[in-house]
Amino acid sequence: MKLSTTSFLLSLTILTSPVLAFASESLTWSGSLAAEREYDSSVTLDQVDDVSRESDYANQLKWALGGKWQAHKNWQLATNYQGKQRIYDQFSEYDLEQHHLTLSSKFTFSGVGYSYRYDGVTAQIDGDDFLDFSQSTIAIDKLFDSSFFLRAALSKNKKDFIELEERNATATVIGLDSLAFFNSGKSHLSFNVSVENEIAEANEYDNKAGNVSMGFQHKFTDAYFPTTFTSSIRYGRKHYDSFVIANAIENETFPVGLPSNTNVDDETRVDGRTQWTTSLDLALNDWLGLMLKASYINNESNYAAVDYNERQMSVGLSARF
């Protein structure tokens, strides 16, 4: 399914118009706009194994608009639109424009939540259509004594690459999320584990993946500038059963600039990815914030084309309404 920017906005308008007309008293809206300056040590398009190993700076703009409708005390509907644009100083071939629409519904009965969510994403690279992504998720969750939250989810997604049809794929994802709240709700710990089975148009891109992540967040509400600190670490391991490294090299399916130490035996590809991220969000006033963010990615693989390290740092301002 291919959705243009106009389609996203039109869908958002159509879906929320009845809400505005008939339930304005139970409808809440929120929005944000953020501008950032970002440094990237290795500009990368990892969805298609494109690793430049070259650094660059970029200007990034993000915007969002969302609405929630409490249709009944036990039933909530929500919609959210997010947009992002990243423009690099030198490597314009990696310039990104992305649009993301979500629609969700949640019903709560006896303290247990049952939900459905749809995600639709379109992405353009250097002004050309690149990827259409869609995902449907059903989930069940429960909050225990206002201090521990548990959620189990099953997702089915589809990727459509505009010019790389061999990478088109469908995947099934099973995930478990948990949150533990303390310090009167000012702090929380999160833990997530998921497994994924992806089937691609070309079987060399079929893969099975497992991911685990942990995160911590604390809100310094008594500081002169109320500040939210967030830190997380994520590890994922992905195994391609039919991606034989020697065949990839022989067929020249790897990016230009492949390191000379590429493994040429009959091993199949295995990727291990560790990502650490930390951020500070300072509330300068009721609507304006200062954002600082840093992340480090270590992508270890026996396929040398995607064996790399990447560091990203950004600073920006955000406005909320």
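Only one entry in T137, T172 is surrounded by 14 or more Cβ atoms within 10 Å (Cβ to Cβ), without any contact (Cβ under 8 Å) to a residue 60 or more places away in the chain and of a type in the set (V, I, T), namely T137.
Of the residues N157, N192, only one is without any contact (Cβ under 8 Å) to a residue 60 or more places away in the chain, open to solvent by less than 20 Å² (accessible area, probe 1.4 Å), of a type in the set (S, T, N, Q) and at negative phi; which?
N157
Scanning region 286-306 for residues that are open to solvent by 70 Å² or more (accessible area, probe 1.4 Å) and more than 21 Å from the chain's Cα centre (by Cα) yields D286, W287.
Quick one: which of A305, A319, A294 is of a type outside the set (D, E) and outside any strand (DSSP E or B)?
Exactly one of A305, A319, A294 is of a type outside the set (D, E) and outside any strand (DSSP E or B), namely A305.
The values are calculated or read from the model by the stated rules, or taken from the named source; none is laboratory data. None of the values given here were measured: they were computed from a predicted structure. Note: ideal-geometry Cβ built from the backbone for every residue, glycine included; neighbour counts use all protein chains shown. Areas reflect the complete protein model, heavy atoms only, side chains present, ligands, DNA and RNA absent. Shrake-Rupley method; radii C 1.70, N 1.55, O 1.52, S 1.80 Å.
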